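Structure, as structure tokens:
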Ligand SMILES: Nc1ncnc2c1ncn2[C@@H]1O[C@H](COP(=O)(O)OP(=O)(O)OP(=O)(O)O)[C@@H](O)[C@H]1O
Ligand SMILES: O=c1[nH]c(=O)c2[nH+]cn([C@@H]3O[C@H](COP(=O)(O)O)[C@@H](O)[C@H]3O)c2[nH]1
Ligand SMILES: NC(=O)CC[C@H](N)C(=O)O
Ligand SMILES: [Mg+2]
């Protein structure tokens, strides 16, 4: 299988490079820039891409280029910071631009480059830089310029090293994908052999080998990720896979029943529904700190899975593995340029499980983005209604009830949330947004209903667009849909007399409120 390695120097859009390459049918992986060239060489890449990054080459602590990467002997493409690194290390010169340049620019193809194959005379590209290459290294031809930038692209066709000051990976670089395509297929002569059908087959085969005769526990939430994992592993090892769905007491209205029903209806899974709601709610009683809620829920999940594993072991079989639906963005976040990122919130994470449970992890989706997971799911025949379910966090409604969790407040939020889901579906907006839900605020406000005074709770609507949940923006839902949600919630949900709309992007806000 062809493989492209992307070296991450900390750009906000490094993930997009990986996505573009994969969309073109070539497998790609991102590695942090501290990685040594030897390690990359051992991975036998067919091409290397150096990403952009926020630093200026040469300043203190700026990431350096491991020259060993150029000795691996495969084609190299440097983007923005990557270009500047190449220029600096190969004998060119850098300087600061007179004006920092962000946004669109017209790139003129002023020299030959294989990357320009099939393109016209110029192209609209997207810039984001303050430094520039002022002299190209020996052996390089300047092949692109803009009205403000003498060296916007350069290449050494002999050594197959290409460098672009703009970002071909972003949407706004109109021929960006064509340039990356030329790099992959015209320069590096790769094969487009990465697709979801091959992927599913490979994973099933690998899992079968890895698991051998043992049994596997799969924490199954009914979300897309864990459902795809369960179906893949079911194909690999059948009923040696023990899927456990936990009712943690903070699920949405009918969530448990619905999930278990559709899983049973569509798949021949060995599935157990464990009602641990009382256990969870008892532990959550009186807790209002978001992090405490998350930790309690995370730990209680562990307790439940341990109990289930022990019960299976008591039947005389070995349970060596725990399967979960970790995705690629989770993996990348922990290897990012600056090292492990600050803890914004402790995402309920089954990753804490294995040590305690003495089980190895099986994470078949750790190479994939969410849309790729959906594509695998489609390959496996998972129905659309499951594939397009909005993500629902493990800690559930507990992190959407701001403040203390009580039965009464859970009831209010469940009813409001049901209305949000119903109206999103009825209006055709469910599929268009990443996620939409209700949040119950810890405050009361005055209202007037039927000429009487009310003093009741506030519901916030949180509906967002996103590609991978790393960034998000509030969805521009039509007013009439919002109006309907608001009217229905105030009229139908006892205890609510006001509805507000959350119009914050991520960052600086997050999608969930806690
Ligand atoms: N109620 C639950 N019962 C069992 N396992 C759960 C439950 N909730 C979460 N998990 C486990 O935690 C993992 C992470 O949850 P997460 O919500 O990120 O993924 P998901 O539910 O599979 O997919 P989605 O992101 O679409 O909701 C799940 O893949 C699953 O293994
Ligand atoms: O399984 C999960 N366990 C968690 O603890 C958790 N916290 C947030 N989320 C989901 O992750 C995405 C990003 O959420 P935030 O912007 O709030 O961090 C959104 O899609 C959230 O719904 C979680 N999922
Ligand atoms: N986006 C980038 O890679 C920027 C690189 C460099 N820091 C500059 O400002 O020119
Ligand atoms: Mg989920």
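The values are calculated or read from the model by the stated rules, or taken from the named source; none is laboratory data. All figures in this text were calculated on a predicted structure; none of them were measured in a lab. When we count neighbours, we look across all protein chains shown, and the Cβ atoms used for this are built from the backbone with ideal geometry, even at glycine.
Can you find even one residue in segment 52-73 that is under 22 Å from residue 113 (Cα atoms), surrounded by fewer than 17 Cβ atoms within 10 Å (Cβ to Cβ) and free of Cβ contacts under 8 Å to residues at least 12 places away in the same chain? Yes, the conditions are met somewhere in segment 52-73.
Residue 268 - would you say it is farther than 24 Å from residue 310 by Cα and either within 16 Å of ligand 4 (Cβ to nearest atom) or assigned to a loop (DSSP other than H, G, I, E, B) (or both)? Spell out the reasoning first.
Working: farther than 24 Å from residue 310 by Cα: no; either within 16 Å of ligand 4 (Cβ to nearest atom) or assigned to a loop (DSSP other than H, G, I, E, B) (or both): yes.
For residue 268, the condition - farther than 24 Å from residue 310 by Cα and either within 16 Å of ligand 4 (Cβ to nearest atom) or assigned to a loop (DSSP other than H, G, I, E, B) (or both) - is not met.
Those helices (runs of 4 or more DSSP H) of segment 1-81 in which at least 3 residues are within 16 Å of ligand 3 (Cβ to nearest atom) and closer than 28 Å to residue 327 by Cβ, considering only elements entirely within it, cover 14-23. Reported count of residues in segment 452-497, each being in a helix (DSSP H, G or I) and surrounded by 15 or more Cβ atoms within 10 Å (Cβ to Cβ), is 8.
Give the residue, chosen from 413, 441, 397, that is modelled with pLDDT of 95 or more, more than 16 Å from ligand 3 (Cβ to nearest atom), over 30 Å from residue 209 (Cα atoms) and in a strand (DSSP E or B). Result of the check over 413, 441, 397: 441. Restricting 245, 280 to residues that are away from ligand 3 (no atom under 16 Å from the Cβ) and assigned to a helix (DSSP H, G or I) narrows the list to 280. From the list 200, 230, the one residue that fits, being assigned to a helix (DSSP H, G or I) and either within 16 Å of ligand 1 (Cβ to nearest atom) or out of contact with any helix residue (DSSP H, G or I) (no Cβ under 9 Å at 6 or more places or on another chain) (or both), is 230. Here the condition is being within 30 Å of residue 252 (Cβ to Cβ), away from ligand 2 (no atom under 16 Å from the Cβ) and in contact (Cβ under 8 Å) with a residue 60 or more places away in the chain; of 211, 187, 216, it holds for 216 alone.
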